[in-house]
Amino acid sequence: REVTSLSFPYGAYDNSVLERYQKAGYKSVFANVPVWNLFSHSGFLRGRVPVEPNDWSIEFWLKLRGGYDWLALSGYLRHQLLPALRSRRS
């Protein structure tokens, strides 16, 4: 079977990695954190929210319906904003 999607180990990626996988023909890649649609590279990068066996019913329901999407802010800060700030210091 053709492999069309990939999940990054430990969520480790940056823009250059995304470009390489897109050029390689992958249809989608997955981070280990929620991802804002605005920064999803036209749907290529998709986020995830962990679901645990001991989640409460309401917690599981919220995760399925996007109730934890606000966590995408931390992913954005970590993968987009912080590297840019660090490069300015150098």
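The values are calculated or read from the model by the stated rules, or taken from the named source; none is laboratory data. Nothing here was measured: the structure is a model prediction, and the numbers come from that model. Note that we place each Cβ from the backbone using ideal geometry, even for glycine, and neighbour counts take in every protein chain shown. Surface accessibility is based on the protein's heavy atoms, side chains included, excluding ligands, DNA and RNA. Shrake-Rupley method; radii C 1.70, N 1.55, O 1.52, S 1.80 Å.
Worth pointing out:
- Proximal charge balance of Thr4 [Cβ under 13 Å; K/R count +1, D/E count -1]: +2
- For the chain, averaging the sequence separation of C-alpha pairs within contact (under 8 Å, six or more residues apart) and dividing by the residue count gives a relative contact order of 26 percent.
- Option label - Kirkwood radius over Cα pairs in Å computed here, alternatives (i) 13.2; (ii) 14.3; (iii) 16.5: (ii)
- Restricting the chymotrypsin sites (Phe, Trp or Tyr not before Pro) of the range 1-63 to loop positions (DSSP other than H, G, I, E, B) with no more than 13 neighbouring Cβ atoms within 10 Å leaves Trp56.
- Listed residue (Pro50, Asn15, Leu64) projecting farthest to the positive dipole end of the chain, Cβ model: Asn15
- A 1.4 Å probe run over the chain, with the rest of the protein chains in place, finds 77 Å² accessible per residue.
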